[in-house]
Every structure is written in structure tokens, then in C-alpha cells.
Amino acid sequence: MPPPAALRQDSEAIRMDSLGKTSASRPPGQNGNANTEIPGNSGDSNTGLHKRSIYEQNGVAVCSQKRALCIATVVFAILFAVSLIIAFAGPQNDCPCAGEKPANLEAEDEGDDGGPFATNGEVFPWNNVRLPTFAHPTRYNITIHPNLTTLEVKGQVTIEFYVDKETNFIVFHSKNLTINEKMIQDRKGHRLKISQLLEYPKHQQLYLELEESKFRKRGNYTVHLRFTSKLGNELEGFYLSSYVTADGDKRHLATTHFEPTYARSAFPCFDEPQFKAKFKMSIFRDRFHIALCNMPVVNTEDAGFYMGTGLLRDDFQESVEMSTYLVAFVVCDYKRVTEMTSRNVSVSVYAPEAMLPQAQFAVKTAAKIMDYFEAYFGIHYPLPKQDLIAIPDFAAGAMENWGLITYRETSILYDPEETSTAAHQWVAIVVAHELAHQWFGNLVTMKWWNDLWLNEGVASFLEHKGVDHVAPEWGMMNQFILDKTQSALHLDALASSHPISVPVKDPSEIEAIFDTISYNKGAAILYMLEEFLLEEVMKKGLNDYLNTHKYGNADTNDLWAVFTKHANHSFDVKSIMDTWTQQMGFPLITISREGNAILATQKRLLLSPRENDTDLLTPKSPFDYKWYVPLSYYTNLQPRVTTNVWMNLTDVSFEVPPAVEWIKVNVNQTGFYRVNYSEDMWTSIITTLHNNHTVFTPADRASLIDDAFTLCRAGILNATIPLKLSLYLLNERDFVPWSTAIEHLESWSKMMSETAGFKKYIAFMKTLLGPVTAYVGLNDTGSYSTRLLRSNVLEAALIANIEGVVKPAKLLFKNWMEKGTRIPPNLRDLVYAAGIKYGGEKDWNYCWNMYKKTQIPSEKVILLKSLGQSMDPWILQRFLLASLDREEIRPQDVEPVIAVVAHNPEGQFLAWRHLKAYWPRFQTMFGNGTFTLSGFITVVTSTFCTEYDLQEVSEYFKKVEVGSGQRALEQSLETIRLNIHWVKENAETINQWLHNYLKIDKS
Ligand SMILES: [Zn+2]
């Protein structure tokens, strides 16, 4: 799952985002009731008998042998009813002490009142949020009938399992499901009496205990459950979504999102990633709908005969062994476009019919990237088809369900005439990210969520490679440091960060680690690893890892082991990488020189001086905050010759020729660390940048900017160093360094906003941006990176109010609104924002109506962001209130709305007031466990920079529940303290420097 797209596009904190045989291994008749459908259907439809594919019959679904089925149905219904009567009529034993005591080894969750208690008031005998490990599911038969009108869901699941020790109970997951019928059978089809089925909602678990008999060691059993539930509103589990056609028709669809712990709310299951099993689905649907699942449909039957409803039932091919969180199914009225991979695997994109033209890019890209990953991993994609589907209401960016990948619309739809270059790239990146997961995550899965980074870090690392393969002209690998390394370094320098490997247990803890550290730091340390292992070793290692563990689970140590092996044991990869995954943070490498010797020392970099001084705030590290650092550098004598030196948990010194004036460490920012130099070396580097900045590569220029500004933020460098350095930007024309610089310059602008030097600072930004603004111009032409540079620079120019940009942008807006003159996609961010910012209610209403009307998802995003640029508080307030109504703004877009208002100087405090006023409502809207709450806290509060705001935020959140936003809150509070400190230490220095600089500049 990649981070939600909104995060990426609106701030730097993006979070993006099955095959087999028939289950007819049992002879029909012996176990005919194992596969009953809803409602009360005979089981033989799943035994493989009497099956007809609608495709084999020219699209006509024919129900033959109706008579036989009818008899079977009636017989089964009677048998099942009798069995239930017997089960319920038997002596009830409510005492959990019957038989074997549950192996309640980790009694970690004593309720406040001595619990845990089941819903019926009984003690719930299993007191662990994790399931017992002795029961192993092997196959699920699931039948689901969602009613998209009443929202009622009827379901039935049959789980085959075995136990590897004698026991009288099993525990599995269920959340918000009403279990109506239950039955247990042994291998021969004999029923075992159930003494009790208890539910413990806090752990989302069911406890099923046998009355007299026991599950025998190595015995195979089947549990049958019928249940009902409702299609949800929240964007998790099995939920309802909708879209509006161009004619204003509202269409509904039912879709799933299970990662990490929501499969249990769609059907009872063993919902932990290591419990892999085969899944065989059947879905009831209306004739005007289609049903999609991980696997292709093998049979469609007219269910009207049983139900008198005119429904059809699709039966899907059985999946390969997979984890529950990767199961997916969708009922909708979409159409598709299809491409074939070179091995003839069908790749389709499903979308509402009117949007299909926008699916062309994704389907072509997906087919090519499937070929690329098959070659890269050396393993064929194991399913017969790959579907990608656009879901209108979607919380993450996308989700890698095996064979049925779900995407937010903006992560998959692209219109060459209407979509910007950045949004275009985003589609390619998310498509590649989810396809990488088909191997990394789906074929081999982490044993437990503490190793989430194995899924997400690897997919985030490989996505750029995938895109680079299909579109080398985009220069994706140059953008890697912007997208991954820099954002991770930024967060990981807080004392409230966390190690990549982190113990997690309950669902909200699991949800909380879908963050920048798991995704971006994970990707960045793999990028660093590849630098010293080299690409071939990396590829061989990944191939070995996937082959060794396919259809199974693995952990971080398994990955390190294959790399060590394929590097011929020249590196002990585990020892090296443990220092990067098991402790948080990263080292600051300080470079000093004595004669011809360069000394490089390492010390953990913490931004906040207060945190720096307090050991108490720093959890102990197994490595005492020292790292194995692969140090790379070059000198002014040979700027294209890289030398590597290892720092093995220590400092290091090495010789350089006497003529060396400076060295540049961390070549191309491929290492996950920052570098400080002695003052004379900084001066020498800055002089070189001013004289001829191309001595350094674009990535190195970006890394010098990033390090200088960050070290100033940490109180390590005087503000005059980044100020002097940034003057070289007058000559800079490359996207990567400019993107880094704008990030820091705008951050400074926010912190300077209440200081005496603010106006001078804005004048300075105007000066820096002047030449590059003139260079990019307002014509949407040039290479990919030029277009990216243009969007980036012009948006910054608007914030700095550069007349040469604002004036023409306002004119373009006027012509668009009044005459319908088309605006090139890459200028729309700028033009809409300028129109709204300097316009009034009429302009705002026009954009709002366009937002409501457009059928182009990328256009919707731009309009939504622009609507928050107004300088009128009344309009901004109206906008915030509209975001509370899901008919006006989709829940997934609430965070971008709040973010853009909070980012607007006129809206910052409105957004904060809104967050406080509606916090309980957000908790209900999004669920207390979702990452959405973290996002709200971060976007609203982390730019505050006064003591007063710090008090406000800290006091408010003491009074309310924060859910999975706890870490985000700590990070925000630390960031605010940091901002306050920075202003105190630097504002006057900057003011003075700017005063002198602007005087000289003018003269
Ligand atoms: Zn992912």
C-alpha cells in the first residue's frame, strides 16, 4: 500500500499505497454441505460439478439440472437445520474450564475489571491480541452477497484448518459481524459439538470451544459460519463507494480494503499475515453489475432459481496461498481496457465507462512493468490475470491486493490533455509500486507487521526502478532523493521518530507504522545498500529471497542473509544494516582537516537541542547510536572520482593530497546521513558553487542545500552559511536542487512570518527566484524535468508575489473563466491558485462548480487545492465546513482541504480551530485507528512557531483521545518547539544579513 496520494501532492509527507485449483478435493456428497451458498444453496456448485462458464456458452448463463439442485438444496437445508438444532440443544457448557485450558501464555491484557469479558458477559478465555499459533487455516470458501441498496451483506465462510497440538478450542478474528450459524466438522464430515462461541470485540476475536471431543494433533477440520453485516462508510473492510456520471446519475459500488487488519470485518478469518491459505470466492450480484476478485471468474450461474431475485452468482478460481489482507473483491458497473504482457498475462484497468480513455496510460504502463519485474525478479507472476481498478472513495494511494489492485482515481487515471507532469509521474510510480508488491509482499510476506518495512521499503525502492525502465527520459533515479531520502532524513532527525523495526501488536499500533519511516527510510537505506553491494548482487539476493520463501513468510534477517551470501560474505550485511533498522535516527558526519589528514566523526543528529540534552527522551539503542557508515567522497582535485571508506561504528581518518581544498561527502546523497564541514571547507564549497556549480552533480547540489539548511535548523550551522550558499541558486536551472531549496526557503518563510525581517526575507526570495522564473517562462514546453521545474518555481513565485508571474497568471484565469480559454495542465496549479488568491467570491464559486463537475480526477485535485488559497476568511470557513459533508467532498479529500487552508497564512488559525471543533467528529468519520488522524495533526500544527501555539496544542490534545495519531502529535509538538527555538536563535542574524545583502544588491 503506498501512502495516500493526497499527502504527496499536498505536502511532502505522502503515504501511498490470487490462482489455483478447484476445491473439489472432497468427493461430492461426502461433504456436500461444506460449500453451501447464501442462502441455503446446495454445495455442489463449488465442487466443480455441473459448472458452466458463461463464456463457454456465448455469454448466456444457463442453469441446468435445476431439478437435481432443487432436491439437493432442500435436503441440505433440512440436514443443516437438524445439525444446528442438535448443536444448540446439546448440554451447554458455559464454563471455559471444560477440557484443556487455553494456553493463555501472555496474559497481557487484563481488563480494568478483571476481564477480558466476551459480549455475553462470560470471561473470554484467550487473553492475547495475537492468535494462538497451533491452528492453521489452509483453505477458505467464501460466499458473499452484498445488497448495494439496503447495504446488507449476507455471507458464509468455510475454513479448512489443521491443528498441530491437541486442543478443545480455536481462536480467530471477526469484527462487527453477526454470526448466525456455526458448525464444525472433522475430515470425514462428522460434526463435532460446539460448547460455546464467544466474541471479544476489543481484540476482534472469536473463541470457539468443543463440548466433548477435542481437535486432535495433526487433525484436519472445517468450521462453517454464516454471518451478516453492513457495507461500511469508512474506507476499510467491505465498504460502499459511489460515483456520479456526467449525466448526474449516482452509481454505487461495493469494494474492499483489508490491509492491515480489516479482512476480519468482511468475513471471519485468521487475520494475521503468516496464516496463508487458498481462497475460493463466490459473489452474488445484479445482472447490471460485474464482480471482480483476486482470481478470474470460472463460472457464472443464474441464482434467480434459488432466490427468485434475478441475481447471478460468479464463482472464482481458487487462489494461490496468500495472506488474508491481500484478498479483495469489488461489485460495480465498470468497464475495462486490457493489454497483454509478453507472456500473455492479461492486464486490465477497470473504471467507470466515461473515464476509460484515462485508463490507457496505466494499462500500457502496467503491462510493461509486469514484464520488467518478471525479468528483474526472475520469477513469473503466478496468477492468470492482473486487474487494476479505480475506486472513487479510497483512503490510501492504492492497495496491492493480489491480482486485483485497488487505486485512488488520481493514482491510476491520466489524461494527456488535462493532467500535469507531476500527476502523470505519480500514476506511473503508484502503478509500479503496487506491481512490485505482487512479488515483494504478496508472494513473500513479512511474518508480522513489525517488518512492514520489508513490504513497503522494498516496494518504495523498486517503484522508481520500474518507472525508470519504462520512461528513462523522466530521470526517476535523480528524483529518488527528493521523494525518499530527504523526507525520511527530515522526520528521522526528531527525537520522536522510531526505528524501522518496531514492535507492534494491536491494530492501531500497526496502522501507525504505515509512515515515512517504513516507506521512505526503508527505501533510502536499500538505495544505500545497493551502492555498496552493487546492483547485480542486490538483484541476485532478491531473486534468492523470493524463491526461497515464495508462498510463505520471511523476516528482515532472511533478507540480510541472502545479500551476505550473494556478496560472497565480503560484507556481513546483517551487522551493517541492523544499525540502520534497529535504532532510530542517523549519523551526522563531521569533517575536519589536520594537515593532509581528514577526520570524519559520527554522532546522532537530533534537530532539537532540548531533546539532544536529555538522555531520558532518547530510548537506549543497542548500538549506542553508532552506525556502520559507507562513507563516499570526492575532492576538488578529482570531482568525478568517488572514494569509499567504511566507518565501522567508529570515527575514521584518511589522507588526502595537500592541494585538496574541499571534499564532498555522501556522493549524490545516496547515503542515509548528513555531513557537516569545517567553516573554511564550507566557504570553499560555497565559492565553488558560485563560480561553477556544475562541478557538483544536481544531486550533490541538492544534498549540500539540504544539509546546510538542516544543520542550521539543528543549531549546528550559523544561518549565514545556508544564506550565502543559496545565492548560487541565481545560476541554478535544475529541478532537483531547486525542489530541495524551495522546500527549505518556504519553511524559513513560515518561521520568519512573525519576525521583523519577514519583508526582507520575501524580497530575498524574490531575488533568488527571479532568474529561474524568467528562464522557465509561462509556456508549458520542454523536457519532463523542465516542466517539473516550471511548476515548482512558479508556485513559489506566486507565494513570493513576483509580479511577472502573478499578473499573467491572473489574466490566464480571467480568460479561462470568461472565455473558456484552455490552460496548459502544468500551469493550472499556478493559474487557479492566483485566480482564487487575488479573486473574490465569484471566482471561488466558479472553481467550486468546476470541481463538482469535472470527470478528471487530476483536475479535481488541483481545483481542490486552489480553493484553499483564498484570502477571505469567510470563504475559507465555508470551504472547511463543506469538507464535513461527504456529498460535497469525499472523506479521503478532507485532509488535503485542511492542509491547504492550514498552509495559507490567512487560514492557519481557522484550520486549527476547525480541527479542535470537529475532532470527535473526525474520530467517528475516519475511525480512531486510521492514519488520517495523524495526517490532520501534522498538517495543521507543525508550522506553528510561538510558545502560545505550543501551549494550545499540547493542552488541547491532553483532553481528547488521539488514537493512532499519538506519534504524529509528539512529532508535531517537537517540531513546534524546534520552530520556536529556531526563530529565537536565527531570526535576528538573518534579518541583519538580509539587511546588508539587500543594501549591496540594490547598490
Ligand atoms: Zn505499498
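Just wondering, is there one or more residues in the range 467-476 that are within 15 Å of the ligand (Cβ to nearest atom) and at pLDDT 95 or above? Give the steps one after another, and end with the answer.
Restricting attention to the range 467-476, the residues satisfying the condition of being within 15 Å of the ligand (Cβ to nearest atom) are 467.
Those left that are additionally at pLDDT 95 or above: 467.
Yes, there is a match, as at least one residue in the range 467-476 is within 15 Å of the ligand (Cβ to nearest atom) and at pLDDT 95 or above.
Just to be sure I understand the filter: pairs with C-beta atoms under 7 Å, separated by 6 or more residues or on different chains, first member in the range 395-417 and among the aromatic types (Phe, Trp, Tyr), second member within 11 Å of the ligand (Cβ to nearest atom) and in a loop (DSSP other than H, G, I, E, B). Which pairs pass?
As it stands, the answer is TRP402/ASN442, since those pairs meet every condition given.
With the structure loaded, tell me whether LYS364 is in a helix (DSSP H, G or I), under 30 Å from ASP247 (Cα atoms) and not small (Gly, Ala, Ser) or whether it fails that test. Talk me through it step by step, then tell me what you get.
Details: in a helix (DSSP H, G or I): yes; under 30 Å from ASP247 (Cα atoms): yes; not small (Gly, Ala, Ser): yes.
For LYS364, the condition - in a helix (DSSP H, G or I), under 30 Å from ASP247 (Cα atoms) and not small (Gly, Ala, Ser) - is met.
Just for the range 509-533: of the residues that are more than 16 Å from LYS465 (Cβ to Cβ) and of a type in the set (Gly, Ala, Ser), which one is nearest to the ligand (Cβ to nearest atom)? So that I can check it myself, show each step before the final result.
Our first condition is that a residue be more than 16 Å from LYS465 (Cβ to Cβ); within the range 509-533, this holds for 509-518, 521, 532.
Now restrict to residues that are of a type in the set (Gly, Ala, Ser): 512, 518.
Details: ALA512: 16, SER518: 9 Å.
Looking at the filtered set, the residue picked out is SER518.
Would a scan of the range 700-712 turn up a residue that is in a loop (DSSP other than H, G, I, E, B) and at pLDDT 95 or above? Walk me through how you get there before you give the answer.
Initial filter on the range 700-712 (in a loop (DSSP other than H, G, I, E, B)): none.
Taking every residue of the range 700-712 in turn, none turns out to be in a loop (DSSP other than H, G, I, E, B) and at pLDDT 95 or above.
Quick check, is ALA375 assigned to a helix (DSSP H, G or I), away from the ligand (no atom under 12 Å from the Cβ) and surrounded by fewer than 24 Cβ atoms within 10 Å (Cβ to Cβ)? Full working, then the answer.
Details: assigned to a helix (DSSP H, G or I): yes; away from the ligand (no atom under 12 Å from the Cβ): yes; surrounded by fewer than 24 Cβ atoms within 10 Å (Cβ to Cβ): yes.
Judged against the criteria, ALA375 is a match.
Across the range 424-466, what is the number of residues that are assigned to a loop (DSSP other than H, G, I, E, B), within 14 Å of the ligand (Cβ to nearest atom) and among the charged types (D, E, K, R)?
0
What number of residues in the range 381-410 are away from the ligand (no atom under 13 Å from the Cβ), under 17 Å from ILE369 (Cβ atoms), under 17 Å from the mean Cα position of the chain (by Cα) and among the acidic types (Asp, Glu)?
0
Does ALA303 meet the test of being buried (at least 19 other Cβ atoms within 10 Å of the Cβ), more than 20 Å from LYS154 (Cβ to Cβ) and more than 24 Å from the chain's Cα centre (by Cα)?
Taking the combined requirement at face value, the residue does not satisfy it.
Assess whether ALA774 counts as being in contact with a Cys (Cβ under 6 Å, 6 or more places away or on another chain) and not acidic (Asp, Glu). Talk me through it step by step, then tell me what you get.
On the way: in contact with a Cys (Cβ under 6 Å, 6 or more places away or on another chain): no; not acidic (Asp, Glu): yes.
Taking the combined requirement at face value, the residue does not satisfy it.
Residues to consider are PHE284, PHE275; find the one that is part of a strand (DSSP E or B), of a type in the set (Phe, Trp, Tyr) and at pLDDT 95 or above.
On the way: PHE275 fails: part of a strand (DSSP E or B).
Checking each option against the conditions leaves just PHE284.
Would you say VAL330 is part of a strand (DSSP E or B), among the β-branched types (Val, Ile, Thr) and buried (at least 18 other Cβ atoms within 10 Å of the Cβ)? Give the derivation first.
On the way: part of a strand (DSSP E or B): yes; among the β-branched types (Val, Ile, Thr): yes; buried (at least 18 other Cβ atoms within 10 Å of the Cβ): yes.
Yes.
Any chance you could count how many residues in the range 921-949 are of a type in the set (A, V, I, L, M), over 20 Å from GLY237 (Cβ atoms) and in contact with a Phe, Trp or Tyr (Cβ under 7 Å, 6 or more places away or on another chain)? Don't jump to the end; show me each part of the working.
First, pick out the residues of the range 921-949 that are of a type in the set (A, V, I, L, M): 925, 933, 937, 939-940.
Keeping just the survivors that are over 20 Å from GLY237 (Cβ atoms) gives 937, 939-940.
Going one step further and asking which of them are in contact with a Phe, Trp or Tyr (Cβ under 7 Å, 6 or more places away or on another chain), we end up with 940.
Matching residues across the range 921-949 total 1.
Checking GLY671 against (1) closer than 30 Å to TYR625 by Cβ; (2) not in a loop (DSSP other than H, G, I, E, B): exactly one of these is not met. Which one?
Among (1) closer than 30 Å to TYR625 by Cβ; (2) not in a loop (DSSP other than H, G, I, E, B), the lone unmet condition for GLY671 is (2).
What number of residues in the range 626-666 are touching a helix residue (DSSP H, G or I) at 6+ places or on another chain (Cβ under 6 Å) and among the acidic types (Asp, Glu)?
Number of matching residues: 1.
Could you tell me how many of the residues in the range 411-423 are surrounded by fewer than 24 Cβ atoms within 10 Å (Cβ to Cβ) and either within 16 Å of the ligand (Cβ to nearest atom) or of a type in the set (Val, Ile, Thr) (or both)?
Count: 1.
Look through the range 842-887, keep the residues that are more than 13 Å from TYR832 (Cα to Cα) and of a type in the set (Ser, Thr, Tyr), and return whichever of them is farthest from the chain's Cα centre (by Cα).
Among residues in the range 842-887 that are more than 13 Å from TYR832 (Cα to Cα) and of a type in the set (Ser, Thr, Tyr), the one farthest from the chain's Cα centre (by Cα) is THR854.
Please enumerate the residues belonging to the range 173-197 that are in a strand (DSSP E or B) and of a type in the set (D, E, K, R). I'd like the intermediate steps shown before the answer.
Of the range 173-197, the ones in a strand (DSSP E or B) are 173, 178-186, 191-192, 194-197.
Matches in the range 173-197: GLU181, LYS182, ASP186, ARG191.
Please pick out the residue among LYS364, LYS335 that is out of contact with any Phe, Trp or Tyr (no Cβ under 6 Å at 6 or more places or on another chain) and under 24 Å from GLY466 (Cβ atoms).
One residue alone meets the criteria, LYS364.
Run GLY457 past the list (1) in contact with a Ser or Thr (Cβ under 8 Å, 6 or more places away or on another chain); (2) over 28 Å from ALA561 (Cβ atoms); (3) surrounded by 24 or more Cβ atoms within 10 Å (Cβ to Cβ); (4) small (Gly, Ala, Ser) and report the number of the one that doesn't hold.
Single failed check for GLY457: (2).
The values are calculated or read from the model by the stated rules, or taken from the named source; none is laboratory data. All values reported here derive from a predicted model rather than from experimental measurement. Reconstructed Cβ throughout: ideal geometry from the backbone, glycine too, with neighbour counts over all protein chains shown.
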